[in-house]
Amino acid sequence: MARNTDAQCRICRRDGLKLYLKGERCFTEKCAVDRRNFPPGQHGHFRGKPSDYGVRLREKQKVKDIYGIMERQFELYVTKAERMKGITGYNLLLVVEQRLDNIAYRMGFATSRSQGRQLVRHRHILVNGRIVNIPSFQVKIGDVVELKEKSRKNERIKQALAAVEARGGIPRWLDVNRDLFKGVVADLPKREELTMPIQEQLIVEFYSR
(Lines give C-alpha, C1' and ligand atoms only; values in the text may rest on other atoms or scores of the structure.)
Protein backbone atom coordinates (compact mmCIF):
# COMPACT_ATOMS: atom_id res chain seq x y z
CA MET A 1 0.00 0.00 0.00
CA ALA A 2 1.28 3.50 -0.85
CA ARG A 3 2.32 5.70 2.04
CA ASN A 4 4.01 9.03 2.66
CA THR A 5 7.71 8.38 3.20
CA ASP A 6 8.71 12.00 3.87
CA ALA A 7 10.61 12.66 7.09
CA GLN A 8 7.89 13.42 9.62
CA CYS A 9 9.70 16.31 11.29
CA ARG A 10 10.08 17.99 7.89
CA ILE A 11 6.31 17.72 7.42
CA CYS A 12 5.70 19.58 10.69
CA ARG A 13 8.27 22.25 9.82
CA ARG A 14 6.68 22.73 6.40
CA ASP A 15 3.35 23.54 8.12
CA GLY A 16 5.01 25.61 10.83
CA LEU A 17 3.27 23.80 13.70
CA LYS A 18 3.30 20.56 15.63
CA LEU A 19 1.25 17.84 14.00
CA TYR A 20 2.35 15.29 16.64
CA LEU A 21 3.44 12.79 14.00
CA LYS A 22 6.25 11.31 16.12
CA GLY A 23 4.38 10.78 19.37
CA GLU A 24 6.39 11.38 22.53
CA ARG A 25 9.28 13.08 20.72
CA CYS A 26 6.95 16.00 19.94
CA PHE A 27 6.71 16.76 23.68
CA THR A 28 10.50 16.91 24.22
CA GLU A 29 13.20 19.46 23.45
CA LYS A 30 14.12 17.35 20.40
CA CYS A 31 10.99 18.53 18.55
CA ALA A 32 12.10 19.98 15.22
CA VAL A 33 9.42 22.69 15.25
CA ASP A 34 10.75 24.03 18.55
CA ARG A 35 14.37 23.88 17.39
CA ARG A 36 13.98 25.11 13.79
CA ASN A 37 10.61 26.75 13.29
CA PHE A 38 10.98 27.53 9.59
CA PRO A 39 10.28 25.51 6.43
CA PRO A 40 12.88 22.90 5.47
CA GLY A 41 15.21 23.35 2.53
CA GLN A 42 17.93 25.75 1.44
CA HIS A 43 15.55 28.68 1.04
CA GLY A 44 13.25 27.92 3.97
CA HIS A 45 13.92 31.29 5.62
CA PHE A 46 13.05 33.26 2.51
CA ARG A 47 9.79 31.85 1.20
CA GLY A 48 7.27 34.49 0.19
CA LYS A 49 3.58 34.80 0.90
CA PRO A 50 1.59 31.91 -0.65
CA SER A 51 -1.25 32.49 -3.10
CA ASP A 52 -4.88 31.82 -2.20
CA TYR A 53 -4.59 28.52 -4.04
CA GLY A 54 -1.41 27.71 -2.13
CA VAL A 55 -3.12 28.39 1.22
CA ARG A 56 -5.98 26.02 0.38
CA LEU A 57 -3.62 23.38 -0.97
CA ARG A 58 -1.46 23.56 2.15
CA GLU A 59 -4.52 23.13 4.39
CA LYS A 60 -5.54 20.00 2.49
CA GLN A 61 -2.01 18.61 2.70
CA LYS A 62 -1.88 19.36 6.43
CA VAL A 63 -4.99 17.30 7.19
CA LYS A 64 -3.69 14.46 5.00
CA ASP A 65 -0.41 14.55 6.93
CA ILE A 66 -2.09 14.61 10.34
CA TYR A 67 -4.19 11.53 9.65
CA GLY A 68 -1.76 9.73 7.33
CA ILE A 69 -4.11 9.61 4.34
CA MET A 70 -3.10 9.36 0.69
CA GLU A 71 -4.54 11.59 -2.04
CA ARG A 72 -7.04 9.22 -3.67
CA GLN A 73 -8.52 8.13 -0.36
CA PHE A 74 -8.78 11.72 0.82
CA GLU A 75 -10.73 12.62 -2.32
CA LEU A 76 -13.14 9.78 -1.54
CA TYR A 77 -13.59 11.15 1.98
CA VAL A 78 -14.39 14.60 0.61
CA THR A 79 -16.99 13.09 -1.75
CA LYS A 80 -18.52 11.15 1.15
CA ALA A 81 -18.63 14.29 3.32
CA GLU A 82 -20.42 16.20 0.56
CA ARG A 83 -23.13 13.53 0.40
CA MET A 84 -23.73 13.52 4.16
CA LYS A 85 -26.25 15.82 5.82
CA GLY A 86 -24.86 18.89 7.52
CA ILE A 87 -21.74 21.01 7.00
CA THR A 88 -19.32 19.43 4.55
CA GLY A 89 -16.15 20.56 6.34
CA TYR A 90 -17.28 19.22 9.70
CA ASN A 91 -18.47 16.00 8.07
CA LEU A 92 -14.99 15.53 6.59
CA LEU A 93 -13.39 15.85 10.01
CA LEU A 94 -15.86 13.31 11.43
CA VAL A 95 -15.00 10.81 8.68
CA VAL A 96 -11.25 10.98 9.31
CA GLU A 97 -11.74 10.92 13.10
CA GLN A 98 -13.72 7.67 12.78
CA ARG A 99 -10.81 5.83 11.20
CA LEU A 100 -9.75 2.88 13.35
CA ASP A 101 -6.09 3.91 13.47
CA ASN A 102 -7.14 7.32 14.80
CA ILE A 103 -9.47 5.75 17.38
CA ALA A 104 -6.62 3.52 18.62
CA TYR A 105 -4.52 6.66 19.04
CA ARG A 106 -7.30 8.65 20.69
CA MET A 107 -7.97 5.84 23.17
CA GLY A 108 -4.32 5.95 24.24
CA PHE A 109 -3.18 2.61 22.84
CA ALA A 110 -0.59 4.40 20.69
CA THR A 111 1.49 7.57 21.00
CA SER A 112 0.81 8.64 17.41
CA ARG A 113 -1.58 7.86 14.58
CA SER A 114 1.18 6.10 12.66
CA GLN A 115 1.75 3.83 15.65
CA GLY A 116 -2.02 3.28 15.85
CA ARG A 117 -1.96 2.32 12.18
CA GLN A 118 0.78 -0.19 12.91
CA LEU A 119 -1.23 -1.74 15.75
CA VAL A 120 -4.18 -2.22 13.43
CA ARG A 121 -2.07 -3.60 10.59
CA HIS A 122 -0.39 -6.10 12.92
CA ARG A 123 -3.77 -7.39 14.12
CA HIS A 124 -3.57 -6.12 17.70
CA ILE A 125 -7.01 -4.45 17.62
CA LEU A 126 -10.46 -5.97 18.00
CA VAL A 127 -13.71 -4.22 17.06
CA ASN A 128 -16.81 -5.77 18.61
CA GLY A 129 -14.81 -8.91 19.38
CA ARG A 130 -13.39 -9.40 15.87
CA ILE A 131 -9.89 -8.61 14.62
CA VAL A 132 -9.83 -5.72 12.15
CA ASN A 133 -6.56 -5.02 10.32
CA ILE A 134 -7.76 -2.18 8.07
CA PRO A 135 -6.60 1.23 9.40
CA SER A 136 -9.30 3.09 7.45
CA PHE A 137 -12.11 0.98 8.94
CA GLN A 138 -14.92 3.34 9.98
CA VAL A 139 -15.84 2.96 13.63
CA LYS A 140 -19.42 3.82 14.63
CA ILE A 141 -21.14 4.95 17.82
CA GLY A 142 -21.51 1.97 20.14
CA ASP A 143 -18.57 0.01 18.72
CA VAL A 144 -16.26 -1.61 21.27
CA VAL A 145 -12.56 -1.27 20.47
CA GLU A 146 -10.06 -3.28 22.49
CA LEU A 147 -6.63 -4.82 22.43
CA LYS A 148 -6.19 -8.51 21.73
CA GLU A 149 -5.45 -10.50 24.89
CA LYS A 150 -1.82 -11.27 23.97
CA SER A 151 -1.16 -7.66 23.01
CA ARG A 152 -2.02 -6.35 26.48
CA LYS A 153 1.44 -7.37 27.69
CA ASN A 154 3.16 -5.19 25.10
CA GLU A 155 5.35 -2.67 26.95
CA ARG A 156 5.05 0.05 24.31
CA ILE A 157 1.27 -0.07 24.58
CA LYS A 158 1.43 0.08 28.38
CA GLN A 159 3.76 3.09 28.16
CA ALA A 160 1.44 4.79 25.69
CA LEU A 161 -1.53 4.36 28.03
CA ALA A 162 0.47 5.58 31.03
CA ALA A 163 1.47 8.76 29.19
CA VAL A 164 -1.92 9.56 27.66
CA GLU A 165 -2.57 12.51 30.01
CA ALA A 166 0.61 14.22 28.80
CA ARG A 167 -0.83 14.06 25.28
CA GLY A 168 -4.05 15.80 26.29
CA GLY A 169 -5.99 12.87 27.78
CA ILE A 170 -8.76 10.75 26.30
CA PRO A 171 -11.54 12.70 24.54
CA ARG A 172 -14.99 12.97 26.12
CA TRP A 173 -16.63 11.06 23.29
CA LEU A 174 -14.63 7.89 24.03
CA ASP A 175 -15.30 5.81 27.14
CA VAL A 176 -12.07 3.92 27.90
CA ASN A 177 -11.30 1.41 30.65
CA ARG A 178 -7.51 1.36 30.80
CA ASP A 179 -7.40 -1.66 33.13
CA LEU A 180 -9.32 -3.75 30.59
CA PHE A 181 -7.57 -2.20 27.54
CA LYS A 182 -11.01 -1.54 26.11
CA GLY A 183 -13.04 1.44 25.00
CA VAL A 184 -16.45 2.30 23.60
CA VAL A 185 -17.25 4.99 21.05
CA ALA A 186 -19.89 6.77 23.11
CA ASP A 187 -20.45 9.71 20.77
CA LEU A 188 -18.96 11.63 17.87
CA PRO A 189 -16.78 14.67 18.57
CA LYS A 190 -18.24 18.16 18.44
CA ARG A 191 -16.36 20.63 16.28
CA GLU A 192 -14.95 22.52 19.27
CA GLU A 193 -13.47 19.27 20.62
CA LEU A 194 -11.26 18.87 17.54
CA THR A 195 -8.56 21.25 18.69
CA MET A 196 -5.98 20.82 15.92
CA PRO A 197 -5.62 24.12 13.99
CA ILE A 198 -7.58 23.01 10.93
CA GLN A 199 -9.60 25.33 8.69
CA GLU A 200 -11.75 22.74 6.99
CA GLN A 201 -13.65 25.34 4.95
CA LEU A 202 -10.45 25.99 2.97
CA ILE A 203 -10.38 22.30 1.99
CA VAL A 204 -13.99 22.45 0.83
CA GLU A 205 -13.15 25.55 -1.21
CA PHE A 206 -10.12 23.77 -2.71
CA TYR A 207 -12.28 20.96 -4.06
CA SER A 208 -15.04 23.35 -5.14
CA ARG A 209 -12.82 25.41 -7.44
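The values are calculated or read from the model by the stated rules, or taken from the named source; none is laboratory data. Here the structure is a predicted model, which means the values were calculated and not measured. So basically every Cβ, Gly included, is an ideal-geometry build from the backbone, and we count neighbours across all protein chains shown.
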For VAL63, only one of the following conditions fails: (1) modelled with pLDDT of 95 or more; (2) closer than 30 Å to PHE181 by Cβ. What is its number? (1)
For the range 109-120, enumerate the residues that are over 15 Å from ILE134 (Cβ atoms) and either surrounded by fewer than 24 Cβ atoms within 10 Å (Cβ to Cβ) or in contact with a Phe, Trp or Tyr (Cβ under 9 Å, 6 or more places away or on another chain) (or both). PHE109, THR111, SER112, SER114, GLN115
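Scan the range 116-160 residue by residue and report those that are among the acidic types (Asp, Glu) and more than 10 Å from ALA104 (Cα to Cα). Walk me through it before giving the result.
Of all residues in the range 116-160, those among the acidic types (Asp, Glu) come to 143, 146, 149, 155.
Result: ASP143, GLU149, GLU155.
If only one of LEU174, LEU180 is surrounded by 12 or more Cβ atoms within 10 Å (Cβ to Cβ) and in the same structural domain as LEU119 (by TED's automatic domain parsing), which one is it? Walk me through it before giving the result.
Working: LEU180 fails: surrounded by 12 or more Cβ atoms within 10 Å (Cβ to Cβ).
Unique residue meeting the criteria: LEU174.
Restrict the check to the range 189-209 and report whether at least one residue is in a helix (DSSP H, G or I), in contact with a strand residue (DSSP E or B) (Cβ under 9 Å, 6 or more places away or on another chain) and among the aliphatic types (A, V, I, L, M). Quick ask: steps written out before the conclusion?
Of the range 189-209, the ones in a helix (DSSP H, G or I) are 191-193, 200-208.
Now drop any that are not in contact with a strand residue (DSSP E or B) (Cβ under 9 Å, 6 or more places away or on another chain), which leaves none.
No: zero hits.
Could you check, for the range 176-186, whether at least one of its residues is touching a residue at least 12 places away in the same chain (Cβ under 8 Å), basic (Lys, Arg) and in contact with a Gly (Cβ under 8 Å, 6 or more places away or on another chain)? Can you show your working first?
Here is the first cut: in the range 176-186, the residues touching a residue at least 12 places away in the same chain (Cβ under 8 Å) are 176, 178, 180-186.
Okay, now just the ones that are also basic (Lys, Arg), so 178, 182.
So of that shortlist, the ones also in contact with a Gly (Cβ under 8 Å, 6 or more places away or on another chain) come out as 178.
There is at least one residue in the range 176-186 that is touching a residue at least 12 places away in the same chain (Cβ under 8 Å), basic (Lys, Arg) and in contact with a Gly (Cβ under 8 Å, 6 or more places away or on another chain).
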Residue list for the range 137-157, filter: assigned to a loop (DSSP other than H, G, I, E, B) and more than 17 Å from the chain's Cα centre (by Cα): ILE141, GLY142, ASP143, LYS148, ASN154
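Report whether or not ILE134 is outside the structural domain of LEU76 (by TED's automatic domain parsing) and either outside any loop (DSSP other than H, G, I, E, B) or closer than 23 Å to LYS80 by Cβ (or both).
Details: outside the structural domain of LEU76 (by TED's automatic domain parsing): yes; either outside any loop (DSSP other than H, G, I, E, B) or closer than 23 Å to LYS80 by Cβ (or both): yes.
Taking the combined requirement at face value, the residue satisfies it.
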Single condition ALA163 does not satisfy, out of (1) under 30 Å from TYR53 (Cβ atoms); (2) at pLDDT below 90; (3) of a type outside the set (Ser, Thr, Tyr): (1)
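Among the listed residues GLY142, GLY168, identify the single one that is closer than 30 Å to LEU76 by Cβ and modelled with pLDDT under 95. Even if it seems obvious, please write down each step before you answer.
Numbers: GLY142 fails: modelled with pLDDT under 95.
So the residue among GLY142, GLY168 that is closer than 30 Å to LEU76 by Cβ and modelled with pLDDT under 95 is GLY168.
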